Amino acid sequence: MEKPKRKSGASTIRDGSNAKRRPRPVRRPRSLYTPAEVHEIFRRFSIQRPEPKGELEHTNAFTLLVAVVLSAQATDVGVNKATRALFEVADTPEKMLALGEAQLCDYIRTIGLWRNKAKNVMALSQALIRDFGGDVPGDRGELVKLPGVGRKTANVVLNMAFGQPTMAVDTHIFRIGNRLGLAPGKTPAEVEAGLIRVIPPEYLRHAHHWLILHGRYVCKARRPECERCVIADICKAAVKTNSVPAPLVELAPVTEPA
């Protein structure tokens, strides 16, 4: 009697009695750059901006957390205009609760989705007092449990307030990761994992700020300004219009976002 032919495709493993399908490994999108090229990219960014700063104004970890929560689907400029006066009267969870939701709404009414954001700020203030003695935790798992706080917000706070080498993937970084082929991914989580994997450890601390600022001011969404790009000779973006890098000099701090 003829033996049945084995179907081609998925491989099998034997456990002594039954044939089992071996799951195919998940293929991660690969960077288009060699480790040496990635190192050179971030070396140049570090010369341009030795100490890059976030553009959301804040005075402590709590005001930073609130500012980042308020910045969802809003500009840093718009958030800063609203929070300058707010943080003068409410720069701790206790003061925020004392202020009350109605008055908080008056301060942030110019920010998109302000009603829902006000509820989240009051709720996270309560949670910080109840669960952490009024302090902002330096742990991602604890941060994402707070109302209105997702992974990106947690990563920003961990990086800026606690100095942790996190990668907060916003629209700029997501675009840069895919456009340049530096860390391609279909989701922010994939881009985050790709960047963490390829960026040299010595540059991770400031990497997310360098990428945000590069995307905001040079590699813009509508038309990248390749003539102003210090990595134009290394860049492998399909939309690149120039291969001569801009002069590598330290830039003056940006005072207002574009």
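Bear in mind these aren't lab numbers, they're just calculated from the coordinates by the rules spelled out. Keep in mind that this is a model prediction, so the values were computed, not measured. Positions of Cβ are backbone-derived with ideal geometry, glycine not excepted, and every protein chain shown enters the neighbour counts.
Note on GLN164 and GLU88: their simple-model spin labels are 3.4 nm apart, each label 7 Å out from Cα toward Cβ.
Amide H to amide H, with H built 1.01 Å from N, CYS219 comes under 5 Å of GLU225, counting only residues 5 or more places away or on other chains.
Karplus-derived 3J(HN,Hα) values for region 105-110, using 6.51 cos²θ - 1.76 cosθ + 1.60 with θ = phi - 60°, are 4, 4, 6, 10, 4, 7 Hz; glycine and proline are entered as x. Backbone phi angles across region 147-154, fed through the Karplus curve with coefficients 6.51, -1.76 and 1.60 (θ = phi - 60°), yield HN-Hα couplings of x, x, 10, x, 4, 4, 4, 4 Hz in residue order; Gly and Pro are listed as x. For the pair THR75 and GLU227, the difference between a 0.36 nm per residue extended length and the Cα-Cα distance amounts to 52.1 nm.
The distance separating the Cα centre of region 130-165 from that of region 194-258 comes to 27 Å.
Note on ASP135 and ALA102: the extension gain reaches 9.5 nm, defined as 0.36 nm multiplied by sequence separation minus the Cα-Cα distance. Dipole size of the chain about its Cα centre, with +1 on Lys/Arg Cβ and -1 on Asp/Glu Cβ: approximately 2060 debye, rounded to the nearest 20. Assuming charge only on the beta carbon of Lys and Arg (+1) and of Asp and Glu (-1), the dipole of region 61-162 about its Cα centre is about 380 debye to the nearest 20. Angle of helix 188-198 to the longest C-alpha principal axis of the chain, folded into 0 to 90 degrees and rounded to 10: 70°. Could you list the residues of region 62-92 with an amide nitrogen less than 14 Å from a label point located 7 Å from the Cα of GLU142 in the Cα-to-C-beta direction? What the label zone holds, given the 14 Å backbone N cut-off, is 62.
Given springs between every Cα pair under 10 Å in a Gaussian network model of the chain, which of ASN155, ASN120, ASN242 has the largest fluctuation? Between ASN155, ASN120, ASN242, it is ASN242 that shows the largest mean-square fluctuation.
Take every pair of alpha-carbon atoms less than 8 Å apart whose residues are at least six positions apart; their mean separation over the length of the chain yields a relative contact order of 21 percent. 3J(HN,Hα) along region 132-146: 10, x, x, 9, 7, x, x, 9, 4, x, 6, 4, 6, 7, 6 Hz, from the Karplus curve 6.51 cos²θ - 1.76 cosθ + 1.60 with θ = phi - 60°, whole Hz, x for Gly and Pro.
The label point for GLU51 and the one for ARG30, both projected 7 Å from the Cα toward the Cβ, are 4.1 nm apart. Checked against a 29 Å cut-off, the cross-linked pairs LYS95/LYS145; LYS117/LYS240; LYS186/LYS236; LYS53/LYS81; LYS119/LYS220; LYS119/LYS186 give Cα-Cα distances beyond that limit for LYS117/LYS240; LYS119/LYS220; LYS119/LYS186. Fully extending the segment from LYS95 to ASN116, taken as 0.36 nm per residue of separation minus the present Cα-Cα distance, adds 5.6 nm. Cβ-Cβ distance of LYS220 and ALA127, R₀ of 41 Å, FRET efficiency by 1/(1 + (r/R0)^6): the value works out to about 0.65.
Among the listed values [x] 41; [y] 53; [z] 48, the one matching percent of Cα pairs over 25 Å apart as calculated from this structure is [y]. Adding -39500 (n - 2.57) for every DSSP H run of four residues or longer, then dividing by how many residues the chain holds, sets the calculated 222 nm ellipticity at -14500 deg cm²/dmol.
Principal-axis analysis of the Cα atoms of the chain puts helix 76-89 at an angle of about 50° to the longest axis.
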